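Here's the structure, in structure tokens; my notes come after.
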Amino acid sequence: MDTEYILGIKVSNLTLEDVCRDVIFAVKNNQKLFIASINPEISMVAVEDDEVKKILNNATHNLPDGIGVVMASRILKGGIKQRVAGIDCAEALCKTAQQNNFNVFLYGAKKGVAEKAKENLQKKYPGLNIVGVIDGYEEDNEKVIEKINSSKANIVLVALGGQKQEKWISKNMDKVNAQVFQCVGGSFDVFSGNSKRAPKIVQKLGAEWLFRLIKEPSRFRRQAKIPKFIHLVFQERKIKNRQARKTR
Ligand code: UDP
């Protein structure tokens with residue numbers, strides 16, 4: 001798998017098929033996978049917080065989740081051509097689990113949301129083993145770990161929101177017997193039907209972030225960092241070009 005660095009953060013150049021193939025291998029060979037999603041928002045957090053940066057750079061798969069990351073790769077003459085949305089990956093993992101008889105656990109979101117997400121996912125993928133759910137506000141972490149372990153989950157989808165979910169996986173993945181961990185942000189809210197994704201055409205145009213901003217104006221403060229992200233990417237390009245000229 002190709003990887004490149006954008007503002008010092010690892011991003012994987014992969015497709016959903018690559019991820020699913022690696023997931024099947026990991027479950028069958030009892031290896032750990034940590035799938036994170038890289039977008040301008042989490043990148044800006046990582047630029048300012050070394051702990052988050054370290055966690056992201058230790059993940060095994062860093063999906064190019066935002067159109068901003070695809071643009072950044074283009075500006076830096078990288079190879080990432082298309083976005084791989086975390087929510088599409090979560091669904092692809094459910095489909096892979098259905099086809100291979102793997103067990104899935106849903107951890108996160110408000111009370112009742114993961115149950116509803118489970119119901120809808122099982123309707124869409126009949127026979128899918130969702131072996132347990134727990135909301136994202138349980139304070140007793142030992143209880144969370146114990147519940148996931150006793151469910152015999154192979155794949156844990158973690159929906160605790162940006163930073164919290166990455167930190168939780170990094171801290172706990174060795175204590176949990178599952179093989180695959182994915183940060184899925186607000187995906188359970190969508191799977192449960194509580195919130196809607198942008199129409200397909202908007203997704204294709206790379207404007208899903210704008211759709212979310214219009215629906216949830218409270219995201220403005222977080223998304224206000226996108227121009228700074230782009231500015232830093234252009235600075236990085238300048239530095240790279242200067243270095244390339246020096247070595248010529
Ligand atoms: N969430 C949670 N526990 C927390 C904080 C958030 O379970 O302590 C859930 C929240 O209910 C929502 C999800 O995390 O379902 C993702 O939130 P957000 O839309 O902020 O995701 P992001 O944009 O950060 O991926």
- Note on the structure: Checked against a 32 Å limit on the C-alpha separation, the offending pairs among Lys28/Lys204; Lys32/Lys124; Lys124/Lys225 are Lys28/Lys204; Lys124/Lys225
- Item | Charge-dipole axis of the chain as Lys and Arg at +1 and Asp and Glu at -1 on Cβ define it, positive-most pick from Leu14, Val131, His231 | His231
- Note on the structure: For the chain, dividing by residue count, accessible area per residue (probe 1.4 Å) in Å² works out to 52 Å²
- For the chain, what is the calculated [θ] at 222 nm in deg cm²/dmol (nearest 500), taking -39500 (n - 2.57) for each run of four or more DSSP H residues and dividing by its residue count? -15500 deg cm²/dmol
- Query: Among Phe105, Val69, Val23, which residue has its Cα positioned farthest towards the positive end of the charge dipole of the stretch 1-115, with +1 placed on the Cβ of Lys and Arg, -1 on the Cβ of Asp and Glu, and the dipole taken about the Cα centre?
  - Reply: Val23
- Item | the stretch 24-112, Rg to Rh (Cα coordinates; Rh as Kirkwood inverse mean 1/r) | 1.01
- Query: Mind ordering 123-131, 236-244 by average Cβ neighbours within 10 Å, highest first?
  - Reply: 123-131, 236-244
- Task: First obtain the Kirkwood hydrodynamic radius of the stretch 1-149 from its Cα pairs, then insert it into the Stokes-Einstein equation at 25 °C and 0.890 mPa s, and state the resulting D in µm² per second as a whole number.
- Result: 147 µm²/s
- Query: Which cross-chain or sequence-distant (5 or more) residues have an amide H under 5 Å from the amide H of Ala159, H modelled 1.01 Å from N in plane?
  - Reply: Tyr107, Gly108, Ala109, Val184
- Item | Within straight-line cross-link reach of Lys228, lysines at Cα separation under 20 Å, skipping those fewer than 8 residues along the same chain | Lys10, Lys53, Lys77, Lys238, Lys240
- Item | Unit charges on C-beta of K, R, D, E only; dipole of the stretch 104-248, Debye | 1320 debye
- Calculated Rg and Dmax of the stretch 1-64 using C-alpha coordinates, Å: 12.3, 37
- Put one equal scatterer on each alpha carbon of the stretch 109-218, apply the Debye formula with no solvent term, and list log10 I(q)/I(0) at q = 0.16, 0.23, 0.24 1/Å to two decimals. -0.81, -1.35, -1.41
- Of the listed pairs Lys81/Lys123; Lys118/Lys175; Lys110/Lys200, which have alpha-carbon separations greater than 29 Å here? Lys81/Lys123
- Report the GluC sites (Glu not before Pro) located in the stretch 89-147 that are in a DSSP loop and have at most 14 other Cβ atoms inside 10 Å of their Cβ, or state none. Glu138, Glu139
- Per residue, how big is the convex hull around the C-alpha atoms of the stretch 32-75? Give it to me in cubic angstrom, could you? 62 Å³
- Quick one: pull the percent of accessible area on the chain belonging to carbon and sulfur, 1.4 Å probe, ligands and nucleic acids left out. 52 percent
- Query: Rank His231, His61 by accessible area, highest first, at a 1.4 Å probe radius?
  - Reply: His231, His61
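The values are calculated or read from the model by the stated rules, or taken from the named source; none is laboratory data. Predicted, not measured: the structure shown is a model, and the values here were computed from it. Heads up, the Cβs are rebuilt from the backbone with ideal geometry, glycines too, and the neighbour counts pull from every protein chain shown. These area figures cover heavy atoms from the full protein model, side chains too; ligands, DNA and RNA do not enter into them. Shrake-Rupley method; radii C 1.70, N 1.55, O 1.52, S 1.80 Å.
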